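As structure tokens, the structure follows; a few thoughts come after it.
The values are calculated or read from the model by the stated rules, or taken from the named source; none is laboratory data. Since the model is a prediction, treat every value here as computed from it, not as a measurement. Note that each Cβ is placed from the backbone with ideal geometry, even for glycine, and that neighbours are counted across all protein chains shown.
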């Protein structure tokens, strides 16, 4: 079974907070196999275990056990993406929570929220399962704080929970926890979550618009259905990241997903694809985007797409699109010719995503960032892609 993924949006505000605490966010991100430039692409998926490791490492490095709470302060409802539109227009807090629970997999597959009601009390249980044995203290505190913020947003500043509980032990300094939750805190509890009165969940949402709610729900359903993302989509996302690193192999992709290579082949075959075809189409799409965007030199593009020389890239581009990169850069859109994919085609199985360029990263610096495999301790792919 594939390991859970989380969107980069879960790290909204991470760079700013880390710098405010005198940390080096780029180095910390790289140390757990995450691409610093990826933070600008919030809808992209990364291993939830890597996010959990990053939060724990950041808390330890800064000496701040309230790191996750401080990170949550920098988030907004919009961090949930399209889901935030539907939640905002739900008629009451109960409906909003149910919407959150129904679509929780669309922003964090490791997050599990359950709502139960009994004897006038509503218990919101929250857990994090990253799919491997990594500490999750900071991850669960982030999830609890964000859920608390959502309820405060819906119910108003006067709302306070009955209590907030954590299964882990109390921090040495719980000042921030007391300030954020402003409610009785229980540590070493039998569950992690929030208890509030059921009557609170009945309070009408003043921001709700029934007409907009209907449109928002339709929009959300066009983007996702309440079921797990396919492994095929995960493979395609991973290819974009691994391709520039020179480690684009099926072994590396399978390792990142927590499955074996046969499982990857089987799922791709069901959709009429092979690993090679996915890599080739991904490379073509990236080339088209990079050339049209004109943010990179052709030399940089050839490096990022794992060509051995700029001339190799130019030949491949002409065969693929029927024009030179220089002409393609001046076209509104680069259109593929009907000919079959040109050689050199990728004959090895691997992939990940490359995000848009952000900041002042050079191609060389970005390439170094991409060397980090998803999750610490990954070894180089057995058959790295490198075009002649």
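Points to keep in mind about this one:
- Which numbered condition residue 173 fails, given (1) touching a strand residue (DSSP E or B) at 6+ places or on another chain (Cβ under 7 Å); (2) at pLDDT 90 or above: (1)
- Residue in the stretch 18-37 that is farthest from the chain's Cα centre (by Cα), counting only those that are within 18 Å of residue 139 (Cβ to Cβ) and crowded, with 22+ Cβ neighbours inside 10 Å: 18
- The single condition from (1) at pLDDT below 55; (2) assigned to a helix (DSSP H, G or I); (3) under 30 Å from the mean Cα position of the chain (by Cα) that residue 232 fails is (1).
- Of everything listed in (1) within 15 Å of residue 194 (Cα to Cα); (2) at pLDDT below 90, the single unmet condition for residue 142 is (2).
- For the stretch 118-130, the set of residues classified as part of a loop (DSSP other than H, G, I, E, B) and in contact with a helix residue (DSSP H, G or I) (Cβ under 6 Å, 6 or more places away or on another chain) consists of 120, 130, listed by residue number.
- Residue 66 being in contact with a helix residue (DSSP H, G or I) (Cβ under 6 Å, 6 or more places away or on another chain), under 27 Å from residue 166 (Cα atoms) and crowded, with 19+ Cβ neighbours inside 10 Å: yes
- Among the helices (runs of 4 or more DSSP H) confined to the stretch 240-347, the ones with at least 2 residues that are at pLDDT below 75, over 21 Å from residue 41 (Cα atoms) and touching a helix residue (DSSP H, G or I) at 6+ places or on another chain (Cβ under 7 Å) are located at 325-329.
- All positions within the stretch 156-179 that are crowded, with 20+ Cβ neighbours inside 10 Å and not in a loop (DSSP other than H, G, I, E, B): 164, 165, 177
- Listed by position, the helices (runs of 4 or more DSSP H) contained in the stretch 36-117 that have at least 2 residues being modelled with pLDDT under 85 and assigned by TED's automatic domain parsing to the domain that holds residue 173 are 82-88, 93-102.
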